[in-house]
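The values are calculated or read from the model by the stated rules, or taken from the named source; none is laboratory data. A quick note: this is a predicted structure, and the numbers were derived from the prediction, not measured. Cβ coordinates were reconstructed from backbone atoms using ideal geometry, including for glycine residues, and neighbour counts include every protein chain displayed. The area values use the complete protein model at the heavy-atom level, side chains included, leaving out ligands, DNA and RNA. Shrake-Rupley method; radii C 1.70, N 1.55, O 1.52, S 1.80 Å.
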Amino acid sequence: NKNIIEFIIKIYPKNINGLTFNYIKNIKINDKTYMKGPKGQYKYIGNNIILHKNKNLKIKYNNLYLICAGTGITPILAFINYIIQEQQKYNITLIYSNYTINDIILHSYLNYINQKYKHFFNVYYTL
């Protein structure tokens, strides 16, 4: 849904007084804020095609391998959810790295979609 924006926020106890945390914890309903992005060079355009924006290069694929670590799961998860929502049929392998098992963001959700969509989605965790 293009009318919804969602955030995944991980709060690190050491950084409880950080600028970003203090800004986010004080946002109230109907407050206005400004954002930039996305900044990536690749854009998914559907039908197994990813477009490289700067080179105007279209890449068609059937197997997609995604690698991320820590909070880098955020844009990857948005992409995975879009593919699931649009009922696109690809073989997706996600390799997701973290320091400890407790650092895995949305661990139970990733396990859920791994089980529900096991015919085309596989997640592997590395610590």
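Data for the structure
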| quantity | calculated |
| --- | --- |
| Options 83, 101, 76: the member that is among the aliphatic types (A, V, I, L, M), modelled with pLDDT of 80 or more and open to solvent by 90 Å² or more (accessible area, probe 1.4 Å) | 101 |
| Whichever residue in the stretch 86-98 is buried (at least 16 other Cβ atoms within 10 Å of the Cβ) and part of a strand (DSSP E or B) and, among such residues, is modelled with the lowest pLDDT | 92 |
| Residue in the stretch 47-64 that is open to solvent by less than 80 Å² (accessible area, probe 1.4 Å) and touching a helix residue (DSSP H, G or I) at 6+ places or on another chain (Cβ under 8 Å) present | no |
| Search result, residues across the stretch 8-46 that are over 25 Å from residue 90 (Cα atoms), modelled with pLDDT of 75 or more, surrounded by 10 or more Cβ atoms within 10 Å (Cβ to Cβ) and not hydrophobic (A, V, I, L, M, F, W, C) | 23, 25 |
